[in-house]
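Here the structure comes first, spelled out in structure tokens, and everything after it is commentary.
Taken together, the values in this text are just the output of simple stated rules run on the coordinates, not laboratory data. This is a predicted model, so every value here is computed, not measured. Positions of Cβ are generated from backbone atoms using ideal geometry, with glycine treated the same way; all protein chains shown enter the neighbour counts.
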Amino acid sequence: MKKWFVWPVLLAGVLCACGAQPTGQSAVTLPMNTERPVVADLPADEAGPTPKPTPAAETTLTAADLTLEEKVGQLFIIRPDSLDLTLPQEQIDDAKADGVTELTDAMRDALQKYPVGGVCQFGKNIVDPEQITAFNAALQEASDIPLFISVDEEGGAVARLANKDTFDLPRYESAAAVGAEGADAACAMGQTIGGYLRTYGFNMDFAPDADVNTNPDNPIIGTRAFSSDAAEAADCAAAMARGLAGEGILPTFKHFPGHGDTAEDSHTGLAYSYRTVEELTACELLPFEAAAEVGPRAVMVGHIVVPELTGDLPATLCADAIALMPDAENTLIVTDSLAMGAITDSYTPGEAAVQALQAGCDVLLMPDGLADAYDAVLAAVQNGTLSEDRLDRSVNKILRMKAQFCA
């Protein structure tokens with residue numbers, strides 16, 4: 001029998017740089033397991049105005065209330081295609097190529113076996129407004145713990161929904177074009193994108209792009225960044241994040257510690273930045289410093305090698321890189337996709353997942369093999385390679401963010 005929780009809704013309540021009041025939403029309940037308490041509110045200085053608690057919201061759901069298997073599951077955000085575990089591997093690969101667009105019984109079963117923390121929808125999973133709204137709602141209903149339902153909706157070239165002709169949504173030329181208009185325009189873009197994402201059942205956006213576009217040979221960032229000036233990029237990224245958060249969408253700044261000065265595409269191999277730590281601090285890290293002032297947020301770590309800092313490791317798997325994260329204790333630290341060539345060329349799904357956690361990441365994004373990665377993390381906790389205290393720190397961060405955004 002399905003279990004149920006009750007979760008509070010806490011919107012960010014933040015004002016954007018453009019001075020507009022974000023859209024508010026009244027407190028609602030999400031069906032969850034009443035045998036367990038609800039998730040704690042974020043601290044008042046982060047959460048903004050707090051609604052009156054409901055009678056069911058008198059206690060707190062923490063990592064201590066989850067089984068070990070549930071805690072491990074919460075670390076993962078996956079493609080929905082990865083949930084159809086009944087298929088032979090060649091058919092799973094086909095499903096990833098084609099994109100599943102509705103929840104199947106096999107996927108429901110997989111959510112019980114692997115109680116993941118969230119899903120990321122791609123263009124192949126999205127048909128039209130009615131389909132994606134129903135799909136996202138079905139995923140939430142099938143999960144015992146509310147899901148992060150995420151998407152890459154930056155505005156510009158990377159916009160999984162707005163760039164589909166089946167959606168009547170505003171289209172932006174690029175973040176760079178918006179950045180040229182200033183922080184107010186970036187905030188307004190965040191409000192617009194956040195508003196329609198929430199309508200379709202999303203609660204997390206892998207945006208804003210907080211890179212500084214300093215390398216003209218960069219094949220992957222370019223006009224996805226707001227500016228080649230670090231201060232302007234920082235102002236605009238923070239403003240867009242406030243716009244998203246004000247609409248109930250968890251913003252995710254990317255790609256720490258900075259992808260804008262690289263000349264490689266980490267989808268196919270490691271990207272390299274030859275900046276010194278001092279140079280990073282003066283340029284690439286400024287938008288992430290600004291992120292620390294936004295309130296609840298996530299930061300995505302890129303598969304970027306900074307030889308002076310990380311040696312031969314990508315930042316995703318390097319504790320010294322994660323240690324540079326501003327206000328890391330209050331930041332949900334997300335890996336870039338662990339299915340990218342930068343990782344799969346050198347690591348198994350299990351190795352990458354465990355090493356990312358050891359480095360300090362909280363969320364494991366799209367491993368190249370959910371079962372292998374999940375089993376490896378579970379085994380690492382059971383054999384002491386990862387302590388349960390370390391696991392709990394990440395799970396409690398995840399649950400705090402879900403208290404605010406997953407309803």
statement: 1/(1 + (r/R0)^6) with r = Cβ-Cβ of residue 329 and residue 105, R0 = 45 Å, i.e. FRET efficiency to nearest 0.05, evaluates to 0.65
message: Between residue 68 and residue 319, what is the label-point separation in nm under the 7 Å Cα-to-beta-carbon projection?
response: 2.2
DSSP beta bridge pairing in segment 148-302, given as percent antiparallel to the nearest 5: 10
- line: Of all DSSP beta bridges having both residues in segment 69-405, the percent classed as antiparallel (nearest 5) is 5
statement: So for segment 69-405, using the alpha carbon gyration tensor with a ≥ b ≥ c as root eigenvalues (a/c under 1.5 gives rounded; past that, a/b versus b/c decides prolate or oblate), I'd call it oblate
message: I need the phi-derived Karplus couplings for segment 211-223: 6.51 cos²θ - 1.76 cosθ + 1.60, θ = phi - 60°, integer Hz, Gly and Pro marked x.
response: 6, 10, 7, 9, 10, x, 8, 5, x, 10, 9, x, 6
- prompt: In whole angstrom, how far apart do the alpha carbon centroids of segment 362-407 and segment 300-350 sit?
  reply: 16
- prompt: Any idea what the relative contact order of segment 186-282 is, in percent, if you count C-alpha pairs under 8 Å spaced at least 6 apart?
  reply: 37
